[in-house]
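First up is the structure itself, then whatever we jot down about it.
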Amino acid sequence: MRCAAIFATTVRRARDLGNDTGPRKSNEGWWEWHPTKTALEYLWRTGDLAIVRHEGFQKVYDLTGRVIPADHFQHEVSRADFIDWACSSALQRLGFATPSEIAAFWELVGLDEVKDWCVRESAGNALIKVEVENADDSTRAAVARPDIAEALAAAPQAPSRLWVLSPFDPLIRDRARTERLFGFRYRIEVFVPEAKREYGYYVFPLMEGDRLVGRIDMKHFRKDGELRVVGLWWEPGVRRSTGRREKLEAELDRIRAFTGAERVTFSGTINA
């Protein structure tokens with residue numbers, strides 16, 4: 001009732017409701033929530049509130065009934081149908097996967113439920129077993145749809161250009177899978193104390209063709225008009241060729257234009 005009263009006339013951010021303006025404790029980081037923010041997140045995760053939009057990094061909340069149409073709450077889905085959707089949609093996006101990778105994709109169903117689903121789908125010839133070659137030449141058993149060979153043959157060749165990937169790119173969201181398939185160990189170190197970071201605060205993977213070839217730490221310094229590269233590390237065995245450097249410069253110029261920076265500069269740890 002109180003929640004409905006607070007949101008009766010307008011959508012809200014945590015800062016609109018007070019109690020978030022007092023001094024922080026000395027051991028608090030910027031990611032730690034005040035009581036108001038904690039309450040809003042609880043109400044969102046339990047369904048009383050929904051997120052309308054984001055304003056910068058701030059969520060804007062409203063009553064769920066004003067955001068999500070009522071018919072979405074009236075439709076009931078059986079557990080079996082839900083498991084089938086979760087597993088099928090995960091495998092569709094992964095192409096091939098182990099049961100644990102399927103379970104981890106949405107984190108909505110248990111591993112035992114996924115294993116049972118794989119058995120049922122295999123019995124109906126909707127799944128086949130495959131052996132996946134890893135970066136270290138070992139193999140790992142997985143499952144795939146029967147048309148996996150045709151799908152791989154029809155896939156376009158990876159472009160030879162160099163890309164900066166988001167830390168949240170679907171290709172690398174499963175860090176263990178990424179390391180196994182590409183031999184590329186990646187961790188985002190935003191929440192790691194500076195003294196314990198292996199690379200940097202916000203490091204982006206670099207992809208060239210179908211290889212993960214390095215990583216880069218960069219930041220847009222708006223006042224200076226600079227997209228500043230403060231760290232660049234190529235993977236072992238990746239040659240620092242002129243052509244690869246030109247690809248990197250082209251990609252950085254694209255990002256410079258996107259961010260509105262005037263120029264790209266290099267400083268700090270540059271393993272070029």
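Tell me the label-point distance for the pair T259, R45, using the 7 Å Cα-to-Cβ offset, in nm and rounded to one decimal.
Placing both labels 7 Å along Cα→Cβ, they lie 3.2 nm apart.
Show me the chymotrypsin sites (Phe, Trp or Tyr not before Pro) within the range 110-179 that DSSP assigns to loop and that have at most 10 other Cβ atoms within 10 Å of their Cβ.
Hits after loop and neighbour filter: F168.
How many angstrom lie between the Cα centre of the range 180-196 and the Cα centre of the range 88-158?
Rounded to whole Å, the Cα centres lie 26 Å apart.
Can you tell me the length gained on complete extension of the stretch S89 to V52, counting 0.36 nm per residue apart and subtracting the Cα distance?
Additional length available on full extension: 10.8 nm.
Cβ under 15 Å from R185's Cβ, R185 left aside: what net charge do those residues give with Lys, Arg +1 and Asp, Glu -1?
Working: positive: R173, R175, R177, R180, R187, R197, R211, R215; negative: D136, D174, E179, E189, E198, E235.
For residues surrounding R185, the net value is +2.
Filter the trypsin sites (Lys or Arg not before Pro) in the range 208-272 down to the DSSP loop ones having no more than 14 other Cβ atoms within 10 Å, then list what survives. Show your work: numbers first, answer last.
Numbers: sites: R211, R215, K219, R222, K223, R228, R239, R240, R244, R245, K247, R254, R256, R263; in loops: R222, K223, R239, R240.
Listed in order of number, the matching sites are R222, K223, R239, R240.
If Lys and Arg each add +1 and Asp and Glu each add -1, what is the summed charge of the other residues whose beta carbon sits under 13 Å from the beta carbon of P236?
Surrounding charge for P236 is +4.
Which GluC sites (Glu not before Pro) from the range 41-139 combine a DSSP loop assignment with at most 14 other Cβ atoms within 10 Å?
Working: sites: E41, E55, E76, E101, E107, E113, E121, E131, E133; in loops: E76, E107.
Sparse-neighbourhood loop GluC sites (Glu not before Pro): E76, E107.
Can you compute the FRET efficiency between R120 and F82 using 1/(1 + (r/R0)^6), with r the Cβ-Cβ distance and R0 = 22 Å? Round to the nearest 0.05.
0.95
State the number of lysine pairs found in the chain whose Cα atoms come within less than 22 Å, restricting to pairs 8 or more positions apart or on distinct chains.
Within the chain, the lysine pair count is 5.
Report the gain in length on full extension from V190 to D16: 0.36 nm times residue separation, minus Cα-Cα distance, nm rounded to one decimal.
Going from the current span to full extension adds 59.9 nm.
Compute the distance in nm between two label points, each set 7 Å from the Cα along the Cα-to-Cβ direction, one at K219 and one at E133.
4.3 nm
How many nm is it between the label spots at D147 and A176, if each spot is 7 Å from the Cα in line with the beta carbon?
Simple spin-label model gives 3.1 nm for this pair.
Every number here is computed from the coordinates shown, using simple stated rules; none is lab data. Small disclaimer: the values here were computed from a predicted structure and weren't measured. When we count neighbours, we look across all protein chains shown, and the Cβ atoms used for this are built from the backbone with ideal geometry, even at glycine.
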